Amino acid sequence: MRLGVLVSGAGTNLGAILEAQARGELGGGEVVVVVSNRPGVTALERAGAAAVATAVVDHRAFPTRALFEEQLIAALAAHGVELVVLAGFMRVLTPHFLRAYPDRVVNIHPALLPAFPGVDAQRQAWEHGVKMTGATVHFVDEGTDSGPIIAQVAVPIHDDDTVESLRARILAQEHLLYPRVLRALCEGRVSRDGRRVRVRP
């Protein structure tokens, strides 16, 4: 399966995916292009170091979201992308984009959805005083972090945690969870019945 990864920043999840690919742990999946909506970000350097094609589609260069997304779709289509992987991509995708890749866009979120959707979920959990949070990989739908859940991992919140220490521990789990889910997708082990998603061993 040909994967296209959309990024906006440092790309640490991209790095974990590329490392898993180098170890042969993506189940036949291959990252064929990394597309950023911001030029000069570290994620592009990670892709280049792994000899993966890159493209920049700067959202600021387009007068409308639709035109921006048309260029995103074109950049992915040029590389025959079959599955779109969001890895720190900080733009909300519209139904126009999602129709181009129906049920083939996935994202990772640093919380146990449906709790704490949106930005800075780690701080939301810490400030709310919950004792458990984590990370979620989900299909992307038209809402904000509201798509069907594929897999989750729990991360306890310790009494001495700061937002930053919690953020780091969740991120470490994201780096383990995301490649495992992508492998399952690439191996055809993920099935969906409405909002219920099953990952076969």
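The values are calculated or read from the model by the stated rules, or taken from the named source; none is laboratory data. All of these numbers come straight from a predicted model, not from anything done at the bench. Methodologically, a virtual Cβ is constructed for each residue, glycine included, from the backbone with ideal geometry; neighbour enumeration extends over all protein chains shown.
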### Task
Identify the residue in region 46-60 that is not in a helix (DSSP H, G or I) and not polar (S, T, N, Q) and, among all such residues, is surrounded by the most Cβ atoms within 10 Å (Cβ to Cβ).
Val57
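Any idea which of Leu98, Leu76 is surrounded by 16 or more Cβ atoms within 10 Å (Cβ to Cβ), out of contact with any Asp or Glu (no Cβ under 8 Å at 6 or more places or on another chain) and not assigned by TED's automatic domain parsing to the domain that holds Arg169? Working first, answer last.
Details: Leu98 fails: out of contact with any Asp or Glu (no Cβ under 8 Å at 6 or more places or on another chain).
When all the criteria are applied, what remains is Leu76.
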### Query
Which residue out of Thr136, Thr144 is assigned to a loop (DSSP other than H, G, I, E, B), within 14 Å of the chain's Cα centre (by Cα) and of a type in the set (Val, Ile, Thr)?
Thr144
### Query
In this structure, does Val190 turn out to be surrounded by 16 or more Cβ atoms within 10 Å (Cβ to Cβ), in contact with a helix residue (DSSP H, G or I) (Cβ under 6 Å, 6 or more places away or on another chain) and among the β-branched types (Val, Ile, Thr)?
yes
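Results for (1) surrounded by fewer than 24 Cβ atoms within 10 Å (Cβ to Cβ); (2) at pLDDT 95 or above; (3) farther than 18 Å from Val106 by Cβ, shown as yes or no for each residue.
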site	(1), (2), (3)
Arg2	yes, yes, no
Ser8	yes, yes, no
Gly15	yes, yes, no
Glu25	yes, yes, no
Gly28	yes, no, no
Val32	yes, yes, no
Pro39	yes, yes, yes
Thr42	yes, yes, yes
### Message
Step by step: first the residues of region 147-183, then only those that are part of a helix (DSSP H, G or I) and among the acidic types (Asp, Glu), then the one that is surrounded by the fewest Cβ atoms within 10 Å (Cβ to Cβ). Which residue is that?
### Response
Glu164
